[in-house]
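Colleague: I'd like to ask some things about the structure below.
The values are calculated or read from the model by the stated rules, or taken from the named source; none is laboratory data. Please read these numbers as outputs of a predicted model, since none were measured by experiment. As a convention, Cβ positions derive from the backbone with ideal geometry for all residues, glycine included, and neighbour counts pool all protein chains shown. Surface accessibility is based on the protein's heavy atoms, side chains included, excluding ligands, DNA and RNA. Shrake-Rupley method; radii C 1.70, N 1.55, O 1.52, S 1.80 Å.
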Amino acid sequence: MRILHTADWHLGKNLEGCSRMDEQEAFLNDFAQIVKNNNIDLIIIAGDIYDNPNPPARAERMFYNTLKKLSANGERLTLVISGNHDNPDRLVAAGPLARDHGIIMVGTPKSVVPVGEYGNHRVINSGEGFIELEINGEKSVILTVPYPSEKRLNEVLYGAMDEEEERLKSYSDRIKTLFETLSRNYREDTINIAVSHLFAMGSEEAGSERSIQLGGSFIVDGSCFPKNAQYIALGHVHKPQVVPGTDRRARYAGSPIHYNKKEINFKKKCFIVEAKAGEDCNIQEVEFKLYKPIEVWKCKSIEEAINICEENKEKNCWVYLEITTDRYIREDEIKLMKNAKNDILEIVPKIVGENSEEVDINSFSEKSFEDIFKEFYFKEREVEPQPEVVDLLLSIIREGEDEDETN
Ligand SMILES: [Mn+2]
């Protein structure tokens, strides 16, 4: 059985308010081609299909178009679980229609996938948290644990442990109990896989995920995953990687495109897993294209920044401009940069002045508020503030003080 593992598509995600859906659409077209070229039997999408529980219509349209292409008239199966960004009910709403196309959708750890035909293949057995598939004579048991929030985890564990035991166990221990219980469905004659969306300890984050929930209590470690799983397809972390302590069986596929500037230092990819019952999997990587890179341009002066924007006006990329300057960047200069280069996301001045070395905070207390303000204004604007401005500011502050006294 040839399985392709991907995750964290985050369809509809913005970057500083700019849409990435053109890039996402380009990726999805290429992705359908990768699936076709590699004779994939089963595609696993390990959560965070959308960036938002209420995704834009275009994102949903792109997703359904892609699922239809992947299916090739029911020839291929696709398994989708929800991540923390997805609304599980909404994600699986199209499940009954998608079934003819070989698409299996799992919203929560407690969801039970109906047994029966899916496209040209079959789900021959299922229960809370697992399915057994048959594809061209090969059987596979897949444990399905969509994003296990504390609440959803307790729902599925209810009854597996007595109350006292449950209360004492950490999140990580409870995930371990869940996987242990579910892994009893694995057999020697089946290809044994697991899919989940969670944060495993030792994984390197890259900024896009709000994963350290509740002070880190939602972190699990590699030993939580079943020992007899041949491959564990994970979603949540955007950098592709192997989870430490799992003999390279548990992996994050990562997101398909760079979603912020912290992610630009590593390549984007998916994993193709060749699996047979009772054997170690053979795993290959397929790298994704870079559709529109995010770049950080560091400039030593405002003039240099304007020139760089001019010189690179044809380049298709997102830009963060960092400009070292000893003065305020004027509106007309910002306009020059933005008119030359499209898709400037942010212009950050790094102010250095003659007396910028270090500001002695104690020296503030000896100065009046009026003097501190005047100095600040001069530093930012290079001119003295008009007396009316200073008077107005001081009168506002005095009003505030008066109010405080009456309360
Ligand atoms: Mn996630």
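Colleague: Can we say A277 is assigned by TED's automatic domain parsing to the domain that holds N37 and touching a Gly at 6+ places or on another chain (Cβ under 9 Å)?
Modeller: no
Colleague: Here's another thing I want to ask about it. Report yes if P109 is closer than 15 Å to S183 by Cα and part of a loop (DSSP other than H, G, I, E, B), otherwise no.
Modeller: In short, yes.
Colleague: Name every residue in the range 227-278 that is among the β-branched types (V, I, T), farther than 14 Å from I44 by Cα and more than 16 Å from the ligand (Cβ to nearest atom), in order of residue number.
Modeller: Listed by number, the residues that qualify are V242, T246, I264.
Colleague: Counting only residues that are more than 25 Å from T177 (Cβ to Cβ) and open to solvent by 10 Å² or more (accessible area, probe 1.4 Å), which one in the range 130-147 is farthest from the ligand (Cβ to nearest atom)?
Modeller: It comes out as G137.
Colleague: What residue, among those in the range 212-226 that are open to solvent by 30 Å² or more (accessible area, probe 1.4 Å) and more than 14 Å from the ligand (Cβ to nearest atom), is modelled with the highest pLDDT?
Modeller: Ranking the candidates gives S223 first.
Colleague: Separate question: With a cut-off of at least 1 residues that are touching a His at 6+ places or on another chain (Cβ under 8 Å) and either closer than 19 Å to L42 by Cα or not basic (K, R) (or both), name the helices (runs of 4 or more DSSP H) lying wholly within the range 54-106.
Modeller: Helices (runs of 4 or more DSSP H) meeting the threshold: 57-71.
Colleague: Limited to the range 8-44, what total is found for residues that are at negative phi and part of a loop (DSSP other than H, G, I, E, B)?
Modeller: Qualifying residue count for the region: 6.
Colleague: Still on this structure, I have one more. Looking only at the range 28-43, decide whether some residue is under 17 Å from V113 (Cβ atoms), within 16 Å of the ligand (Cβ to nearest atom) and either of a type outside the set (D, E, K, R) or not assigned by TED's automatic domain parsing to the domain that holds K276 (or both).
Modeller: No; the residues of the range 28-43 include none that is under 17 Å from V113 (Cβ atoms), within 16 Å of the ligand (Cβ to nearest atom) and either of a type outside the set (D, E, K, R) or not assigned by TED's automatic domain parsing to the domain that holds K276 (or both).
Colleague: If you check every pair at least six apart or on different chains, which have Cβ atoms under 6 Å apart with a residue in the range 7-20 that is touching a residue at least 12 places away in the same chain (Cβ under 8 Å) first and a residue that is open to solvent by 20 Å² or more (accessible area, probe 1.4 Å) second?
Modeller: Partner pairs satisfying both residue conditions: H10/D51; G12/D51; G12/N52; G12/P56; K13/D51; E16/L345; R20/K13.
Colleague: I'd like to verify a number: residues in the range 250-274 that are among the acidic types (D, E) and open to solvent by 10 Å² or more (accessible area, probe 1.4 Å), how many?
Modeller: Selection size over the range 250-274: 1.
Colleague: Only one residue in I124, I142 is in contact (Cβ under 8 Å) with a residue 40 or more places away in the chain and part of a strand (DSSP E or B), so which one is that?
Modeller: I142
Colleague: For E117, only one of the following conditions fails: (1) modelled with pLDDT of 95 or more; (2) under 26 Å from the mean Cα position of the chain (by Cα). What is its number?
Modeller: Only one criterion is unmet by E117, namely (2).
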